[in-house]
1. With a sphere of radius 14 Å drawn around the Cβ of residue 11, what net charge do the other residues whose Cβ falls strictly inside it have (Lys, Arg +1; Asp, Glu -1)?
2. Roughly how tilted is helix 166-180, in degrees to the nearest 10 and between 0 and 90, from the longest Cα axis of the chain?
3. So, for segment 82-181, what is the accessible surface per residue at a probe of 1.4 Å, expressed in square angstrom?
4. Averaging over all projection directions, find the projected area of the Cα convex hull of segment 66-112 and quote it in nm² with one decimal place.
5. Heavy atoms only, probe 1.4 Å: what % of the accessible area of the chain goes to carbon and sulfur, would you let me know?
6. With a sphere of radius 14 Å drawn around the Cβ of residue 121, what net charge do the other residues whose Cβ falls strictly inside it have (Lys, Arg +1; Asp, Glu -1)?
7. Round to the nearest 10 and give me the degree value, 0 to 90, for the angle of helix 121-138's Cα axis relative to the longest principal axis of the chain.
8. Bin width 5 Å, alpha-carbon pairs only: give the P(r) of segment 96-140 as whole percents, running from 0 to the bin holding the largest distance.
Amino acid sequence: SFRTLFLSGANICWGNLNHPEAYFEKLRLAAENGVNGVRVWLAPWWLPLETSPGRYDQAACARLDRIIADAESLGLLVILCIEQHGNFEPPGGQVGLWHQHPYNHGQGGPCGTPLDFFTDTEARRLFRNRLRYIAARWGYSTGIVTWELFNEVEWIPFRNGFAEHIDPIASWHAEMARFLR
């Protein structure tokens, strides 16, 4: 049977590594003020889970362990955002982190361009492995209400525009959703 879930939420997407306790204080204050859901990004400046192809940063994983545990204890449901457009922007963009992405050639990954992330067989295999790791480590949590594969994918600055690449991007999303399910 299904039940309706109404989230009164907040984007508490990331914190500051120099002051991580401030993030956990925000979670507590959100819960005290009636928020019942938060969105958490696996942002590379806060929770860089995969730092090179197939290598997982255990300090970031431990921080996510704590975020999920704290959220659960506070009655907060978590929307876990796995990728975001800024990770695919070239330097000089609003976020401009493509050169640091673990799947970029410069980091030892299989991708020469952001589009390769969606089309390259090895990149897809690596991402499925990341999903496998995430599900194995945090799949126990009843506090994670949803897994957001990609935030604002349409903002990736593709050379010919997003609409030109909608088919491989939609195919990637369908494959990853099936795999995660």
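The values are calculated or read from the model by the stated rules, or taken from the named source; none is laboratory data. What you see is a predicted model, and the numbers here were worked out from it, not measured in a lab. Cβ placement follows ideal geometry from the backbone for every residue including glycine, while neighbour counts extend to all protein chains displayed. Areas reflect the complete protein model, heavy atoms only, side chains present, ligands, DNA and RNA absent. Shrake-Rupley method; radii C 1.70, N 1.55, O 1.52, S 1.80 Å.
1. Taking every other residue near residue 11 into account, the sum is 0.
2. 50
3. Dividing the accessible area of segment 82-181 by its residue count gives 50 Å².
4. For the Cα atoms of segment 66-112, the hull's average projected area reads 4.5 nm².
5. Numbers: 4850 of 9340 Å².
That share works out to 52 percent.
6. For residues surrounding residue 121, the net value is -1.
7. On a 0 to 90 degree scale, this one is about 10.
8. Percent of Cα pairs in each bin: 5, 24, 25, 20, 14, 8, 3, 0.
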